[in-house]
1. Only one of Ser183, Ser159, Ser171 is free of Cβ contacts under 8 Å to residues at least 12 places away in the same chain and in a helix (DSSP H, G or I); which?
2. Checking Val94 against (1) within 14 Å of the chain's Cα centre (by Cα); (2) over 20 Å from Glu36 (Cα atoms); (3) open to solvent by 20 Å² or more (accessible area, probe 1.4 Å); (4) at pLDDT 90 or above, which single condition isn't satisfied?
3. Which is within 18 Å of the chain's Cα centre (by Cα) and among the hydroxyl-bearing types (Ser, Thr, Tyr), of Ser171, Ser195?
4. Could we say that Val189 is surrounded by 15 or more Cβ atoms within 10 Å (Cβ to Cβ), more than 20 Å from Lys141 (Cβ to Cβ), within 23 Å of the chain's Cα centre (by Cα) and modelled with pLDDT under 95 here?
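The values are calculated or read from the model by the stated rules, or taken from the named source; none is laboratory data. Just so we're clear, the structure is a prediction, and the values are computed from it rather than from any experiment. For neighbour counting, all protein chains shown are included, and Cβ atoms are generated from backbone atoms with ideal geometry for every residue, glycine included. These accessible areas exclude ligands, DNA and RNA; they are computed on the full protein's heavy atoms, side chains included. Shrake-Rupley method; radii C 1.70, N 1.55, O 1.52, S 1.80 Å.
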Amino acid sequence: HQKSLPALQKILKRENEPNILKVTLLHTLAERKEWESIGTILEMMEDKEEEVRFAALEALSKFDLQNKREKPFSHYRIIERLKSLLEKEKKESVLEATLVLFYKIAPQELTQFLMKGIQKKGRNQAKFIEMLKLFKDPNLKYYLAPYLKGRSAELRAASVVALWQFEEMRSELSHYLRQMLSSPKTELVKLGVESSGKVQFEEAKEQIHKY
């Protein structure tokens with residue numbers, strides 16, 4: 001006998017329920033695909049536990065979210081929650097899942113959101129630049145070229161990661177990585193090592209193992 005949707009939602013919202021139960025119930029909601037459960041799934045994306053937030057994103061991805069004409073307010077609510085997660089999330093697995101889902105259901109809105117965030121020059125600027133690696137669009141180079149030559153090493157490193165997908169640029173991007181890796185400043189070397197690890201820069205293998 002299947003539990004009713006309100007019963008499942010009530011259990012999920014209990015604060016002291018174990019993670020394994022919450023994850024299992026989210027999988028159940030994903031299988032049932034009842035649109036009335038969307039609100040609860042979105043709430044679970046704010047849960048304090050990483051595995052629950054990740055399971056909520058997985059559950060949401062099982063719904064048909066690309067036809068926004070059919071359920072415009074649900075679509076709007078989902079997009080707003082995804083934006084909120086991209087701004088606040090610290091865990092890499094959840095961040096990546098959020099980004100991929102957002103890109104899948106609304107690439108144009110994701111582009112606008114990230115570009116506005118980058119132009120605002122706030123605390124998420126470097127994070128948002130790096131997220132642009134998802135876009136296989138050669139015109140990305142036009143927007144990120146200034147950050148490669150700018151004064152901020154953090155923005156340069158993020159731009160290298162986002163642009164590494166373009167093979168014709170790798171010679172130039174490798175130059176910036178070498179500069180960071182050979183810097184006398186520890187924070188720049190660390191930034192170079194982190195970026196090299198993300199793009200699998202062969203020359204940095206030895207230094208990556210040290211960190």
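1. Details: Ser183 fails: in a helix (DSSP H, G or I); Ser159 fails: free of Cβ contacts under 8 Å to residues at least 12 places away in the same chain.
Unique residue meeting the criteria: Ser171.
2. Of the numbered conditions (1) within 14 Å of the chain's Cα centre (by Cα); (2) over 20 Å from Glu36 (Cα atoms); (3) open to solvent by 20 Å² or more (accessible area, probe 1.4 Å); (4) at pLDDT 90 or above, the odd one out for Val94 is (3).
3. Numbers: Ser171 fails: within 18 Å of the chain's Cα centre (by Cα).
Ser195 is the lone residue from the list that is within 18 Å of the chain's Cα centre (by Cα) and among the hydroxyl-bearing types (Ser, Thr, Tyr).
4. Working: surrounded by 15 or more Cβ atoms within 10 Å (Cβ to Cβ): yes; more than 20 Å from Lys141 (Cβ to Cβ): yes; within 23 Å of the chain's Cα centre (by Cα): no; modelled with pLDDT under 95: yes.
No: the conditions fail for Val189.
The rows are residues; the columns are (1) hydroxyl-bearing (Ser, Thr, Tyr); (2) crowded, with 18+ Cβ neighbours inside 10 Å; (3) modelled with pLDDT of 90 or more.
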| site | (1), (2), (3) |
| --- | --- |
| Val23 | no, yes, yes |
| Glu49 | no, no, yes |
| Asn67 | no, no, no |
| Leu85 | no, yes, yes |
